[in-house]
There are 2 protein chains.
Amino acid sequence: MKTKKKKLNMVIAQSGGPSMVINQSLVGAVMTARKSYQVGEILGACHGIDGILSETFIDLRKVSVKSLELVAETPSSALGSVRRKPTEEDCLKIFDVLLRRDIGYFFYIGGNDTAETVHIVNTVAKKNKVNIKCFHIPKTIDNDLRQNDHTPGFGSAARFVALAFMGDNLDNLALGGVKINIIMGRHAGFLTAASALARQRPDDGPHLIYLPERPFSMDRFADDVKGMMEKHGRCVVAVSEGICNESGTSIAAQISDGEKDAHGNVQLSGTGALGDLLSRELKARLNIKRVRADTFGYLQRSFPTVASRTDAEEAFSAGEAAVVHAVSGEVGSSSIAIVRRESKKYAVDYTCVPLRSVAKDTRHMPAAYINKAGNDVTAAFIRYVTPLVGDLPVMGRLM
Amino acid sequence: MKTKKKKLNMVIAQSGGPSMVINQSLVGAVMTARKSYQVGEILGACHGIDGILSETFIDLRKVSVKSLELVAETPSSALGSVRRKPTEEDCLKIFDVLLRRDIGYFFYIGGNDTAETVHIVNTVAKKNKVNIKCFHIPKTIDNDLRQNDHTPGFGSAARFVALAFMGDNLDNLALGGVKINIIMGRHAGFLTAASALARQRPDDGPHLIYLPERPFSMDRFADDVKGMMEKHGRCVVAVSEGICNESGTSIAAQISDGEKDAHGNVQLSGTGALGDLLSRELKARLNIKRVRADTFGYLQRSFPTVASRTDAEEAFSAGEAAVVHAVSGEVGSSSIAIVRRESKKYAVDYTCVPLRSVAKDTRHMPAAYINKAGNDVTAAFIRYVTPLVGDLPVMGRLM
């Protein structure tokens with residue numbers, strides 16, 4: 001006869017940059033926990049670990065299913081976010097709160113820095129013999145988490161980028177010249193690469209794609225654009241905010257004011273400086289009259305109504321899987337990873353991997369996804385990314 | 001007994017900045033012309049009057065209805081665009097082409113500069129006794145055409161701006177600090193003002209809105225932001241690219257490289273310089289750590305899938321009305337203007353107004369739409385703009 005396990009309370013929080021579907025993971029976890037007889041209170045900590053430290057909680061058992069469903073479809077982080085790397089002292093304070101409130105489960109949704117935080121909390125907990133299960137639920141539009149085929153949030157941001165390029169390519173077709181679009185992605189070029197999905201006809205842009213995985217040279221860039229202007233009479237360019245020169249120095253960081261977050265990341269987004277720099281260089285070198293640059297900025301992670309259905313469903317499932325695994329008692333503290341099946345039809349599994357294997361370091365675009373010249377993607381990348389983004393509308397053309 | 005009028009050929013073209021629904025006007029005109037017994041050939045000139053001068057035409061009778069319907073739903077200008085102010089010599093060359101091809105109708109879709117072009121062509125035609133009916137079909141996301149209650153293209157761009165602010169407001173709620181968004185609109189603040197539609201709860205941003213209709217002072221701006229930071233602990237700001245100082249000088253133009261188009265307009269879009277300037281000023285003056293700026297750029301006029309249905313239908317009807325009026329024989333060369341009915345339920349009429357009454361000069365936000373402090377809109381503006389944008393999704397919130 002099975003003995004009934006003691007109910008334990010849980011806390012869940014969100015951290016790092018928001019996404020269009022991070023609330024799907026939150027709601028997936030909460031809905032699952034609400035159905036589990038092993039979970040007592042379900043507390044949402046506001047603004048990540050700051051909310052645990054200040055004991056600013058929302059009782060997520062009291063929120064109606066209708067409200068939760070609405071939150072799931074809403075972009076950004078409904079519990080608020082934070083960029084804070086906990087010290088050992090922070091961890092001890094966190095345990096104080098958790099133990100006092102009989103919390104046995106800690107779920108934290110975010111990217112590699114968030115996984116690092118969960119790993120730190122878990123390590124300090126073990127060292128201090130605090131019995132708490134810590135789960136990291138993946139999220140990042142950058143798609144740069146190790147162990148994951150792809151991450152919740154990426155498919156929707158990629159869909160935004162693809163749609164934006166579909167419209168912008170036609171805008172450029174109408175008025176000509178060079179158009180540069182700067183896309184998010186600190187170390188990994190996946191999101192910038194997704195711009196290639198905008199191509200529906202042979203002359204469609206983006207005509208050039210620059211990723212952080214390949215050194216960026218202003219000379220080669222100008223030559224590439226010149227070539228495309230000769231070929232198409234116009235040129236649409238996708239550039240990652242994270243592009244670096246031969247010695248690995250970020251082009252954007254060279255011209256930024258050097259602001260850094262708690263994890264040591266230099267501010268790249270929320271400024272148009274990189275696009276403007278590239279515009280000026282092209283105007284000066286190539287004598288092209290019309291050069292424009294847009295920086296997609298925060299819209300690509302927070303714009304409502306364009307989320308990929310696949311991405312939304314997977315984000316929900318990742319949250320669900322974390323709670324199922326945590327209460328199962330079969331695994332210890334872990335990170336949920338999305339693994340693609342080897343099947344012909346697209347399908348994924350949600351597995352548990354060690355926290356340290358996801359924390360801190362990021363993954364990059366595999367070489368097989370980048371063309372030889374380092375200014376475009378390959379057909380292998382298109383095969384990889386297509387199911388994550390969903391069907392895209394067909395653009396009508398007369399010319 | 002009615003005598004059958006001679007069939008005349010028609011040419012149609014697009015000019016100025018593209019929009020999400022300018023192709024609706026094109027297709028509205030073409031579908032109507034295809035059903036008219038008075039219209040012979042239907043030629044689409046590529047890249048506006050450049051296409052007439054170079055005789056680069058597309059036979060729009062030969063395009064399938066299915067293709068035309070797809071084009072109608074596609075953003076940007078399917079015939080290509082141009083920014084060219086014709087000289088008298090250009091006009092004479094244009095007449096040469098038109099007369100040789102038996103063209104009796106010229107339709108040109110665009111904003112105030114486009115209307116000016118139509119007015120010039122029409123004036124030179126009259127002077128030279130060339131018998132051609134010239135019609136201007138309105139389009140501008142800036143919503144700044146005189147004689148019009150609003151213009152095709154505005155409702156969809158306004159919808160994009162409202163959606164962007166809905167997501168971005170929640171992004172700012174999650175991570176805090178100040179977020180500045182720069183919005184298109186050279187002389188008129190309508191599009192920037194539409195950001196106010198993003199507000200669903202009392203604390204929702206945009207918390208401040210700066211329009212070109214009111215002088216912009218960096219001191220007052222910093223004070224306003226400081227006040228909102230004290231009130232909400234965060235601040236989302238909507239700023240028009242066209243803001244000017246007390247003496248009427250554009251803030252963006254002061255820091256741009258002074259590039260101008262054929263109509264004398266300084267380049268404001270396609271650069272993040274204004275947002276970056278405002279960010280730097282706030283950081284320096286207020287000691288706020290997190291200040292970010294995004295410039296929405298060309299996405300707000302070309303992003304697929306977000307067009308307002310009302311806007312799309314009205315754009316189609318404006319194109320339809322131009323052809324109906326042109327072939328009716330009851331009016332001379334004109335511009336189509338959208339007039340709102342005084343009815344309780346939202347409805348509009350499409351009337352003919354003199355070309356010169358729409359050309360060149362633009363209209364601005366009425367004083368009744370701007371608050372006393374000059375940093376927000378009024379309830380009257382919200383009543384005005386709501387039916388143009390259509391229903392917006394409800395954002396779910398936990399905090």
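Where a number appears in this text, it was derived from the coordinates with a stated rule and is not lab data. Predicted, not measured: the structure shown is a model, and the values here were computed from it. Quick reminder, even Gly has a Cβ in these numbers, built from the backbone with ideal geometry, and neighbours come from all protein chains shown.
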Charge dipole magnitude, Cβ of K and R +1, D and E -1 - the protein assembly as shown, Cα centre, debye nearest 20:
1500
Please state, rounded to one decimal and in Å, the Kirkwood hydrodynamic radius that chain A gives when every pair of distinct Cα atoms enters the mean of 1/r.
21.9
Students often check this: by mean Cβ neighbours within 10 Å, which of A:6-12, A:112-118 ranks highest, and how do the rest follow?
A:112-118, A:6-12
How much mean residue ellipticity at 222 nm does chain A get from its helices, if each DSSP H run of length 4 or more adds -39500 (n - 2.57) and you divide by all residues, to the nearest 500 deg cm²/dmol?
-11500 deg cm²/dmol
Please report B:Met20, A:Met229, A:Met395 as a ranked list, fewest other C-beta atoms within 10 angstrom at the top and most at the bottom.
A:Met229, A:Met395, B:Met20
Report the one residue of B:Ala33, B:Leu79, B:Leu92 whose Cα lies farthest in the direction of the positive end of the charge dipole of the range B:32-134 (charges on C-beta: Lys and Arg +1, Asp and Glu -1; origin at the Cα centre).
B:Ala33
Among B:Val21, B:Val225, B:Val30, which one shows the highest mean-square fluctuation when chain B is modelled as a Gaussian network with alpha-carbon springs under 10 Å?
B:Val225
Taking the Cα centre of the range A:289-399 as the origin, how large is its charge dipole in debye, to the nearest 20, when only Lys and Arg (+1) and Asp and Glu (-1) carry charge on their Cβ atoms?
700
Taking the DSSP beta bridges in the range B:1-132 as the whole, what percent of them are antiparallel, to the nearest 5?
25
Pair B:Ser357, A:Lys35: separation of 7 Å Cα→Cβ label points (nm):
6.4
Here the correct list, in nm and shortest first, of distances from A:Val339 to the same site in the other copies, label points 7 Å along Cα→Cβ, is 7.0
Would you tell me the mean number of C-beta atoms belonging to other protein chains that fall within 10 Å of each C-beta in A:304-316, as a whole number?
2
Cut-off 10 angstrom, C-alpha nodes, Gaussian network model of chain B. Which of B:Asp171, B:Asp144, B:Asp50 fluctuates the most?
B:Asp171
Compute the distance in nm between two label points, each set 7 Å from the Cα along the Cα-to-Cβ direction, one at B:Ala367 and one at B:Arg285.
2.6
How long is the gain from B:Asp149 to B:Asp59 if the chain were fully straight, where each residue apart is worth 0.36 nm and the alpha carbon distance is subtracted?
29.1 nm
Candidates A:Thr305, A:Thr32, A:Thr386; GNM for chain A (alpha-carbon contacts under 10 Å) flags as most fluctuating A:Thr305
For the range B:305-367, which trypsin sites (Lys or Arg not before Pro) are both in a DSSP coil and crowded by at most 10 other Cβ atoms within 10 Å?
B:Lys344, B:Lys345
Counting only DSSP beta bridges with both partners in the protein assembly as shown, the antiparallel fraction in percent, to the nearest 5, comes to 25
Between A and B, which A residue has the Cβ nearest their rotation axis, distance in Å?
A:Gly272, 1
Could you give, in nm with one decimal, how far B:Lys289 is from each other copy of that position, shortest first, with labels 7 Å out from Cα toward Cβ?
4.8
Between copies, how far does the label point of B:Ser357 sit from its twins, in nm, shortest first, when each point is 7 Å from Cα along Cα→Cβ?
7.4
In the calculated pair distance distribution of the range A:284-376, what percentage of Cα-Cα distances lie above 18 Å?
71
Loop-only chymotrypsin sites (Phe, Trp or Tyr not before Pro) in the range B:1-110, please: DSSP not H, G, I, E or B, and at most 15 other Cβ atoms within 10 Å.
B:Tyr37
Over all residues in A:77-88, what is the mean tally of Cβ atoms on other chains that come within 10 Å of each residue's Cβ?
3
Non-local residues with an amide H under 5 Å from the amide H of B:Val291, with H modelled 1.01 Å from N and Pro and chain starts lacking one, are B:Val178
Enumerate the residues in the range B:99-114 having an amide nitrogen under 20 Å from the point lying 7 Å beyond the Cα of B:Lys7 toward its Cβ.
B:99-107
The range A:365-399: trypsin sites (Lys or Arg not before Pro) in DSSP loop, at most 11 other beta carbons within 10 Å:
A:Lys372
Only counting other Cβ atoms within 10 Å, I'd like A:Ser19, B:Ser328, A:Ser36, A:Ser81 sorted with the fewest neighbours first.
B:Ser328, A:Ser36, A:Ser81, A:Ser19
